[in-house]
Amino acid sequence: MKGLMKHLDSFCNRHPGFGIPNLMLAIAIGNSLVWVLTQMDGGKIFDLLYFSPQLILQGQVWRLISFIFIPATLDFWIFVMLYFYYFVGSALERQWGCAKLTIYYFIGLFITVASAMIIYFAFNATVYISAMYLLYPLLFAFAFYYGEGRAMLFFIIPIKMRWLAIFGALTLAFNVVTLPFPDNIIPIVSVLNFALFFGHMIIGGLNPANNTRRKTRKHFNNEIHRIKWEERNKDYTRKCEACGKTDVSHPELEFRFCSRCEGYHCFCIDHINSHEHIKLDGNQNDPSA
């Protein structure tokens, strides 16, 4: 999976113009237009757009994709939802580029539609497909990158994106449990594109070896902060890098900087001529005579 993502990233880097620019804006505008038309015809336009395997097999192939323009709700909140997903999609497009976002979205669309067609042939059943199922992977991807970011729920309540993603995951799990078979398959397959793109990173985060590396890096950073804190709060002016004596602990000693060491390195009079000279490349010369 990790290798596949490397090939995908390589393809996107070589073809930055691939894909649909402002994809989520186009989908949001399409949903808005359909919403306006429903106010005029009482929802008859839905009959031309909804997903139907039977009608697709009769030649109405546009239904393979037209269902993504059917609004999830017909009240005012449709515009709030569309703005939110436009915001999420735009952020991912800036993070990934147009090509990768387009591939991500349409992989989810293909998996969902293919699963619905397979269910139709295998069980002679038509499952309900909503564009909302295709928006969950966008939410999860956004939360993966910007989990600490905040959204204004109902325009007044700040809530972290990670909690919105958790709520979305619980909603999908609820659908899996409560919907009858085979309808409950769709919530599962609709997020497989998220698993494909992020699975190796999530699994890698659970790898004990990676956890050890993170702990080592954290310890290293803590040591840097400790040294900087000691440097700011030190009570001495000179300190010998060979023996650790300072002008406070041994005021009788003389301290000098070595002119043959690269950088500023201080030594006491006992070691100024008997230390190994420090080089910036990490190598050290023989002790001074």
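Taking the conditions (1) surrounded by 12 or more Cβ atoms within 10 Å (Cβ to Cβ); (2) out of contact with any Phe, Trp or Tyr (no Cβ under 8 Å at 6 or more places or on another chain); (3) touching a residue at least 12 places away in the same chain (Cβ under 8 Å) in turn, residue 29 satisfies each one other than (3). Only one entry in 139, 135, 164 is without any contact (Cβ under 8 Å) to a residue 60 or more places away in the chain, in contact with a strand residue (DSSP E or B) (Cβ under 8 Å, 6 or more places away or on another chain) and among the aliphatic types (A, V, I, L, M), namely 164. A residue that is surrounded by fewer than 17 Cβ atoms within 10 Å (Cβ to Cβ) and farther than 16 Å from residue 130 by Cβ can be found somewhere in the stretch 62-70. Condition check for residue 73 on (1) of a type in the set (Val, Ile, Thr); (2) modelled with pLDDT of 85 or more; (3) touching a helix residue (DSSP H, G or I) at 6+ places or on another chain (Cβ under 8 Å): one failure, at (2).
Of all the listed residues (215, 234, 279), the sole one being at pLDDT below 85 and under 30 Å from residue 140 (Cα atoms) is 215. Apart from one condition, residue 163 fits all of (1) within 25 Å of the chain's Cα centre (by Cα); (2) in a helix (DSSP H, G or I); (3) surrounded by 16 or more Cβ atoms within 10 Å (Cβ to Cβ); the exception is (3).
Taken together, 105, 120 contain a single residue that is in contact (Cβ under 8 Å) with a residue 40 or more places away in the chain, within 30 Å of residue 7 (Cα to Cα) and either surrounded by fewer than 19 Cβ atoms within 10 Å (Cβ to Cβ) or hydroxyl-bearing (Ser, Thr, Tyr) (or both), which is 105.
I'd like to check something: does the stretch 96-115 contain any residue that is over 30 Å from residue 14 (Cβ atoms) and out of contact with any His (no Cβ under 9 Å at 6 or more places or on another chain)?
Here is the first cut: in the stretch 96-115, the ones over 30 Å from residue 14 (Cβ atoms) are 115.
With the extra rule that they be out of contact with any His (no Cβ under 9 Å at 6 or more places or on another chain), the set shrinks to 115.
Scanning the stretch 96-115 turns up at least one residue that is over 30 Å from residue 14 (Cβ atoms) and out of contact with any His (no Cβ under 9 Å at 6 or more places or on another chain).
Of the residues making up the stretch 78-96, those that are farther than 14 Å from residue 30 by Cβ and under 13 Å from the mean Cα position of the chain (by Cα) are 88, 91, 92, 93, 94, 95, 96.
Inspect the stretch 5-16 for any residue being touching a Phe, Trp or Tyr at 6+ places or on another chain (Cβ under 8 Å) and within 29 Å of residue 120 (Cα to Cα) and give the result as yes or no. No; the residues of the stretch 5-16 include none that is touching a Phe, Trp or Tyr at 6+ places or on another chain (Cβ under 8 Å) and within 29 Å of residue 120 (Cα to Cα). Checked against the criterion of being assigned to a loop (DSSP other than H, G, I, E, B) and buried (at least 18 other Cβ atoms within 10 Å of the Cβ), the stretch 77-86 has no qualifying residue.
The values are calculated or read from the model by the stated rules, or taken from the named source; none is laboratory data. These numbers come from a predicted model, not from an experiment. In this analysis, Cβ positions are derived from the backbone assuming ideal geometry, glycine residues included, and neighbour counts consider all displayed protein chains.
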